[in-house]
Amino acid sequence: MAKDPVCGMYVDENTSRLRADVHGRTYYFCSESCLRTFLKPEVELRKLKALVAFSLGLAAPTLIFTYFPVLPYLPSSLWLFILATPVQFIAGSRYYRGTWEAIQSRNANMDTLIAVGTSAAWIYSTIATFHPSILPSSELYYDTSAVIIALILLGRLIEDLAKGKASEAVRRLMDLQPRIARVVRGGQEVEVPVEQVEVGDVVIVKPGERIPVDGQVIEGYSSVDEKIITGEGLPVEKQVGDKVVGGTMNKSGLLKIEAMKVGADTVLSQIVRLVEEAQVAKAPIQRLADIASSYFVPAVVTIAVVSSTLWVMLGQEFTFALKVFISVLIIACPCALGIATPTAIMVGTGKGAESGILIKGGEYLEKARKLDTVVFDKTGTLTVGEPSVTDIVAIPPYSQETVLRYAASAELGSEHPLGEAITRKAREAGLELDEPQSFKAVPGKGVEATCNGRRILLGNHQFMDENGILTDKIDEAARNLQIEGKTVMLTAVDGELIGAIAVADTLKANSKAAVEQLKRIGLEVIMLTGDNERTAKAIARQVGIENVIAEVLPQDKAETIKKLQEEGKTVAMVGDGINDAPALAQADVGIAIGGGTDIALETGGIILAKDDLRDVVAAIQLSRRTVGKIKQNLFWAFFYNTAFIPVAAGLLYPTFRILLNPMFAAAAMAFSSVTVVANSLLLRRFEPKIQG
């Protein structure tokens with residue numbers, strides 16, 4: 001079969017699915033659009049890297065030899081021409097193509113500015129080099145054209161590398177899909193590629209393995225970690241008749257599962273598709289400079305043509321009119337305009353990085369400024385993401401330490417997250433635990449253990465009722481804890497109830513402060529979670545969120561974000577898990593928690609490396625300040641670039657004849673660049689207004 005030599009993509013004959021071999025691994029795809037998003041455009045990226053190296057390699061010596069003309073054999077002007085010309089027409093060819101496309105669409109953009117400005121500098125310098133009688137000037141501008149093109153290409157490369165993370169997110173999602181499935185065929189247990197599993201097959205999943213397909217349990221009992229799908233921090237007990245989802249982790253027991261959805265129909269594959277669609281659907285933000293240039297460039301070209309033509313009609317020599325034409329174009333060279341946005345973004349993102357706020361690109365800064373709604377995931381975002389003991393209720397004469405010691409001794413050695421939380425709490429309290437002589441787990445109810453000859457029961461009300469233990473002394477306290485969204489485990493010793501232990505996923509230290517400050521700056525805050533409504537509302541009350549959307553699956557999370565956007569809201573999604581990836585991609589700004597999964601980090605546009613939700617506030621404040629600097633920079637760039645246009649056009653001639661020289665245009669360009677850079681550097685003094 002035909003195989004692409006670059007990406008190794010071909011159609012698999014056995015499964016009729018698109019397949020690609022990338023970095024030594026084989027990936028299968030349900031659609032061409034998914035494949036395109038997954039595969040980073042390797043060839044185009046390599047070309048851009050080569051162009052950056054090529055342009056920088058020639059622009060640097062052009063800049064150096066402009067001020068230190070030490071090259072032998074040829075005049076320095078010829079050496080500069082030789083160095084700068086390949087940059088202008090090879091590395092800069094994409095801007096000429098962009099200009100041609102802009103002309104065809106009757107529009108103007110940054111490509112037009114770059115092409116016109118650098119061409120003006122190069123043409124002027126070339127005429128001065130080869131026809132000094134026409135332009136008898138010692139000022140050459142080869143370095144201007146070469147350096148502008150090289151730096152802008154470098155910025156484009158950095159932007160493309162950042163955008164390439166979208167495909168990396170899809171790749172990491174697909175890595176969760178097991179490659180091999182263990183199925184029963186012909187009465188025998190055999191291992192087959194997961195692509196060959198069919199609906200109706202019986203799949204066997206051992207403890208510690210990921211479930212390969214969506215299906216229904218037909219035999220066995222286990223706890224399954226579904227955090228990647230639902231966001232729920234606690235494993236879910238699974239028994240005969242329960243549904244399971246591909247990509248989730250089987251924790252304890254052996255399961256036999258009837259495959260119900262395979263391949264592109266699984267929930268995990270749908271998440272992959274949703275991430276891909278949300279990434280592709282994002283329209284690129286319209287830069288302020290592009291909007292301005294659509295008016296600025298035609299105006300400058302018109303002024304250059306009209307002014308030079310008028311001087312010819314007034315009897316001036318052609319050389320004078322040509323100098324006017326080129327001077328007007330050089331004064332409008334987009335050096336300052338071209339760096340107005342990138343310098344502010346560079347300083348803003350650098351300042352953010354120092355504070356642990358990683359911003360992937362300028363578009364996220366610009367969008368974050370316009371946010372009016374922030375949506376938080378619950379588990380691992382507002383909360384710690386793992387269970388811990390929150391309350392211990394003791395029935396006199398027993399103490400809390402006694403209740404905790406008996407419960408932890410019974411759970412000693414347990415691999416269940418609730419049991420681990422109890423034993424961890426006991427060790428933190430410095431309690432001595434007894435090794436159980438016997439241990440029995442009762443699925444869905446609790447555990448029974450014998451320690452030092454004493455029978456310990458730890459479980460729910462039903463478990464106590466079945467063992468004839470009265471719970472009336474603690475029912476009210478247990479009910480209040482359950483209303484708060486906590487899991488309550490009653491503890492009994494030798495047939496007597498001694499107390500209860502409540503376990504829950506607890507709030508992160510700064511969650512409440514972050515929500516309060518977001519409200520203070522005028523943003524609406526929403527909780528969006530796959531957890532049950534009771535637990536979600538209990539957490540929301542603690543953190544101060546009134547709007548709660550609970551029991552939402554990953555595919556519905558992205559749809560929920562889309563509905564908010566359709567209502568006219570500009571939405572940020574804050575999350576940490578794989579289940580958040582589609583919503584992070586769909587949101588106007590995806591904010592990923594640094595302690596979260598790699599997939600969430602790759603999909604998010606802003607990453608909070610410190611795992612401090614107050615940095616959501618800081619990121620929004622930083623974006624507002626940075627965009628303000630961008631607007632200021634654009635003003636100063638236009639001010640200096642246009643202030644000398646009347647002089648360059650000859651309106652003050654002959655009174656200020658000396659000013660009709662491209663070197664004054666170059667001075668204005670340089671001064672505008674210094675002003676823009678200095679104004680951007682003021683962002684270094686930015687400190688977010690964070691309280692709490």
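The values are calculated or read from the model by the stated rules, or taken from the named source; none is laboratory data. As the structure is a computational prediction, the values presented were derived from the model and not from experiment. For neighbour counting, all protein chains shown are included, and Cβ atoms are generated from backbone atoms with ideal geometry for every residue, glycine included. Just the protein is used for accessible areas: all its heavy atoms, side chains included, with ligands, DNA and RNA removed. Shrake-Rupley method; radii C 1.70, N 1.55, O 1.52, S 1.80 Å.
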Exercise for review: Evaluate the following for Gly459: is it buried (at least 19 other Cβ atoms within 10 Å of the Cβ) and either within 21 Å of Thr402 (Cα to Cα) or not aliphatic (A, V, I, L, M) (or both)?
Suggested key: yes
Exercise for review: List every residue pair whose Cβ atoms sit under 7 Å apart, with the two residues 6 or more apart in sequence or on different chains, where the first one lies in region 525-552 and is touching a residue at least 40 places away in the same chain (Cβ under 8 Å) and the second, anywhere, is open to solvent by less than 60 Å² (accessible area, probe 1.4 Å) and among the acidic types (Asp, Glu).
Suggested key: Leu528/Asp377; Thr529/Asp377; Gly530/Glu232; Asp531/Glu232
Exercise for review: Scan Ala587, Ala509 and give me the residue that is under 30 Å from Pro688 (Cα atoms), more than 20 Å from the chain's Cα centre (by Cα) and among the small types (Gly, Ala, Ser).
Suggested key: Ala509
Study note, to complete from the structure: Selection over region 395-405 where residues are touching a Leu at 6+ places or on another chain (Cβ under 9 Å) and over 17 Å from Cys451 (Cα atoms) yields a count of 1
Check your understanding: Any idea which of Arg210, Arg179, Arg185, Arg156 is closer than 26 Å to Lys360 by Cβ and either modelled with pLDDT of 75 or more or out of contact with any Gly (no Cβ under 9 Å at 6 or more places or on another chain) (or both)?
Key -> Arg156
Review point. Taking region 466-483 as the search range and keeping residues that are open to solvent by 80 Å² or more (accessible area, probe 1.4 Å) and in contact (Cβ under 8 Å) with a residue 40 or more places away in the chain, which one is farthest from Ala407 (Cα to Cα)?
Key: Ile483
**Study point:** Residue that is surrounded by the fewest Cβ atoms within 10 Å (Cβ to Cβ) [pool: residues in region 527-548 that are touching a Leu at 6+ places or on another chain (Cβ under 8 Å) and part of a helix (DSSP H, G or I)]
**Key:** Gln542
**Study point:** Close pairs from region 590-617: first at pLDDT below 70, partner among the hydrophobic types (A, V, I, L, M, F, W, C) and part of a loop (DSSP other than H, G, I, E, B), Cβ under 7 Å, at least 6 apart
**Key:** Gly594/Ala609
Practice item. Determine, yes or no, whether Leu518 is open to solvent by less than 40 Å² (accessible area, probe 1.4 Å), assigned to a strand (DSSP E or B), touching a residue at least 24 places away in the same chain (Cβ under 8 Å) and of a type outside the set (Gly, Ala, Ser). Key: no
Point to revise | Test: Ala150 is modelled with pLDDT under 80, open to solvent by less than 20 Å² (accessible area, probe 1.4 Å) and not charged (D, E, K, R) | key: no
Point to revise | Candidate set from region 549-569 (those that are touching a strand residue (DSSP E or B) at 6+ places or on another chain (Cβ under 7 Å) and not in a helix (DSSP H, G or I)); member that is least open to solvent (accessible area, probe 1.4 Å) | key: Val552
Study note, to complete from the structure: By residue number, the members of region 91-108 that are among the β-branched types (Val, Ile, Thr) and open to solvent by 90 Å² or more (accessible area, probe 1.4 Å) are Ile103
Check your understanding: Here are some residues: Val574, Val515, Val548. Which one is farther than 25 Å from Thr390 by Cα and under 25 Å from the mean Cα position of the chain (by Cα)?
Key -> Val574
Review point. When you go through Glu435, Glu484, Glu420 one by one, which is the residue that is of a type outside the set (Phe, Trp, Tyr), in contact with a helix residue (DSSP H, G or I) (Cβ under 8 Å, 6 or more places away or on another chain) and over 24 Å from Ser252 (Cβ atoms)?
Key: Glu484
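Okay, residues lined up against (1) within 26 Å of Glu420 (Cβ to Cβ); (2) out of contact with any Phe, Trp or Tyr (no Cβ under 6 Å at 6 or more places or on another chain); (3) of a type in the set (Lys, Arg):
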| residue | (1), (2), (3) |
| --- | --- |
| Gln462 | yes, yes, no |
| Gly468 | no, yes, no |
| Lys473 | no, yes, yes |
| Lys486 | yes, yes, yes |
| Leu497 | yes, yes, no |
| Leu507 | yes, yes, no |
Revision key, fill the gap. By residue number, the members of region 416-431 that are in a helix (DSSP H, G or I) and in contact with a Leu (Cβ under 9 Å, 6 or more places away or on another chain) are Pro417, Leu418, Gly419, Ile422, Thr423, Lys425, Ala426, Arg427
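For Ser409, are the conditions met, namely being of a type outside the set (A, V, I, L, M, F, W, C) and open to solvent by less than 30 Å² (accessible area, probe 1.4 Å)?
On the way: of a type outside the set (A, V, I, L, M, F, W, C): yes; open to solvent by less than 30 Å² (accessible area, probe 1.4 Å): yes.
For Ser409, the condition - of a type outside the set (A, V, I, L, M, F, W, C) and open to solvent by less than 30 Å² (accessible area, probe 1.4 Å) - is met.
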Check your understanding: Any residue in region 432-455 that is open to solvent by 40 Å² or more (accessible area, probe 1.4 Å), outside any helix (DSSP H, G or I), within 22 Å of Lys238 (Cβ to Cβ) and in contact with a His (Cβ under 9 Å, 6 or more places away or on another chain)?
Key -> yes
Check your understanding: What pairs can you find where one residue is in region 122-137 and within 17 Å of Phe325 (Cα to Cα), the other is surrounded by fewer than 17 Cβ atoms within 10 Å (Cβ to Cβ) and modelled with pLDDT under 85, and their Cβ atoms are less than 7 Å apart, with a gap of 6+ or different chains?
Key -> Ile127/Ile134; Ala128/Ser137; Ile134/Thr319
Practice item. Identify the residue in region 627-645 that is touching a Ser or Thr at 6+ places or on another chain (Cβ under 8 Å) and open to solvent by less than 10 Å² (accessible area, probe 1.4 Å) and, among all such residues, is farthest from Leu518 (Cα to Cα). Key: Asn641
Practice item. Examine region 246-255 for a residue that is more than 25 Å from Pro554 (Cα to Cα), small (Gly, Ala, Ser) and free of Cβ contacts under 8 Å to residues at least 24 places away in the same chain, and state whether such a residue exists. Key: no
Exercise for review: Could you identify the single residue in Gly350, Gly338 that is buried (at least 18 other Cβ atoms within 10 Å of the Cβ), in a helix (DSSP H, G or I) and at pLDDT below 85?
Suggested key: Gly338
Check your understanding: Conditions: (1) within 28 Å of Asn467 (Cβ to Cβ); (2) at pLDDT 90 or above; (3) among the small types (Gly, Ala, Ser). Ala513 meets all but one. Number of the miss?
Key -> (1)
Check your understanding: Is at least one residue of region 374-394 of a type outside the set (Val, Ile, Thr) and within 16 Å of the chain's Cα centre (by Cα)?
Key -> yes
